[in-house]
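Worksheet: one structure, shown below.
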Amino acid sequence: MCQAQNDFIKLFSEKFSIQTVTCKFAKHDESLYDSVSAFLTIEKMEALYGLGKQDFHAMLHTLEEETITTLLQSGSLTLSEGETEVSGDTKKAIEELVYKRVKKVMRSNILKHAKRLDLRKLDEVRGIRCETGLLPRVHGSALFQRGMTQALSVATLGGPDDIQIVDDMYEESERRYIHHYNFPPFSVGEVRMMRGAGRREIGHGKLAERALEAVLPSEAEFPYMIRVVSETMTCNGSSSMASVCGSTLSLMQAGVPIKAPVAGIAMGMIYDEETGEYAILSDIQAQEDFLGDMDFKVAMSPNGITAMQLDVKIAGLQMEVFQKAFTQARQSINFILTEMLKVQPSVAQSLSPYAPLIMSIQVPVERIREIIGKGGENVQRMEKVYGVKVHIEDDGMTTITAKTQA
């Protein structure tokens, strides 16, 4: 691929000029790092531990302000002529140095003392809260919360005519199961425009969709089209895996006979490239994601892995890291599944009264035309009189879909 591009550039440059692009990097002055480190002692940084997400950022901001004040008082930092306060660029540079110091101390505490930001053990999962059936009008619903991260999943069942036809650059295909993931600004305390789905929504939705595809019943077992929408209500790490857990519960509550429940977890890692030491963290929160070297999401049922996603920030990983991460992830997922099944022990025996009713009947192929009638008049009449949808396949398999169970 690279050679082909180089060949093209060579041919192009023979006839046309190519503009030279020079990159400039706005690197911050790190000469003050030693002064920042001297002020931000390990003892002073204890104030950042055991806090919630918002309190953590508030305390980090306080430490940044105190650092700037101390540097000014000590003479390490001086104001330019005519300035009454630190300029925005200088302030940003100090904030970068403070964050660098915080990152170094927190990584060291995890590697040497197994001490995490929220004081959990390395393999400890945040508190789990689950609830199903909280939206009575929908076909299935569930709320899954792990720590501060909370996802509300809603399952909707449809008939054969609702199956999505995908017409893209590949051959036309059908999607009987769709998972949509939403991440509204309020979930992270922000105010911004609500636009169409971005990379995050599409990527997380696909990951959650794949996690559950392996356990869905066949069309012969359950002839419904299935759509699940996961709304992220609040977020502090791994909302995609929360949506996997919430979607499992909403499908079970909706009466979809899945083969096994699925739960997901986000694993992290702190790695010291000099010593080769590393620590695997279960159920990482947002701050640990930024501080760490790996974000490893894995979804499992009791029978095995259904989906995974890996984001690595270092040059490479040894296989033993994967082995330990998978083993620790399995322990965490077993805990999460136990908490989920306390609320929804099994698939609901009946569908919601508001869910559509599908009846299937096999008719002789030679009589399909007779049922449809001239110009489809028989099917149209039945649909109008009885308020149903009639769908006939070429092999004679006919489904009759009513809007509700009644």
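Each value in this text was obtained by applying a stated rule to the coordinates, not by laboratory testing. For clarity, every value in this text was computed on a predicted model and none was experimentally measured. Cβ: placed from backbone, ideal geometry, glycine included. Neighbour counts: every protein chain shown.
Projected onto their three principal axes, the Cα atoms of the chain cover extents of 94, 69, 47 Å, largest first. Comparing ALA260, ALA197, ALA151 in a Gaussian network model of the chain (Cα springs below 10 Å), the most mobile by mean-square fluctuation is ALA197.
Translational diffusion of segment 33-113 was estimated from the Stokes-Einstein equation, with Rh taken as the Kirkwood radius over Cα pairs; at 37 °C and 0.692 mPa s the coefficient is 243 µm²/s.
Looking at segment 1-95, which trypsin sites (Lys or Arg not before Pro) are DSSP coil and have at most 10 other C-beta atoms within 10 Å of their C-beta? List each step's numbers first, then the result.
Working: sites: LYS10, LYS15, LYS24, LYS27, LYS44, LYS53, LYS91, LYS92; in loops: LYS24, LYS27.
Passing both the DSSP loop test and the Cβ count: LYS24, LYS27.
A DSSP coil position with no more than 16 other Cβ atoms inside 10 Å describes the following GluC sites (Glu not before Pro) in segment 244-309: GLU273, GLU274, GLU277. Residues in segment 389-406 carry Karplus couplings, in order, of 10, 10, 10, 10, 7, 5, 8, x, 6, 10, 10, 10, 10, 9, 5, 9, 5, 5 Hz; the curve used is 6.51 cos²θ - 1.76 cosθ + 1.60 with θ = phi - 60°, and Gly or Pro positions show x.
Of the trypsin sites (Lys or Arg not before Pro) found in segment 148-237, those in coil by DSSP whose Cβ has at most 11 other Cβ atoms within 10 Å are ARG192, ARG195. Here the Karplus relation 6.51 cos²θ - 1.76 cosθ + 1.60, evaluated at θ = phi - 60°, turns the backbone of segment 15-20 into coupling constants of 10, 10, 7, 10, 5, 7 Hz, with x for every Gly and Pro.
With springs only between Cα atoms under 10 Å apart, run a GNM on the chain and tell me which of HIS57, HIS204, HIS113 wobbles the most. Fluctuation is largest for HIS113.
Taking amide H as placed 1.01 Å from N in the peptide plane, GLY140 has its amide H under 5 Å from the amide H of ALA155, each at least 5 places away in sequence or on another chain. If eta is 1.306 mPa s and T is 10 °C, what Stokes-Einstein diffusion coefficient results for segment 357-402, Kirkwood Rh from Cα pairs, in µm²/s? Stokes-Einstein gives a translational diffusion coefficient of 149 µm²/s. Could you identify which residue out of GLY304, GLY237, GLY268 has the top mean-square fluctuation in a GNM of the chain using Cα springs shorter than 10 Å? Per the Cα network of the chain with a 10 Å cutoff, GLY304 tops the list.
Across segment 128-343, Cα-Cα pairs more than 21 Å apart make up 55 percent of the total.
List the relative contact order of the chain as a percent without decimals, with contacts defined as Cα pairs under 8 Å and 6+ residues apart.
Answer for the chain is 14 percent.
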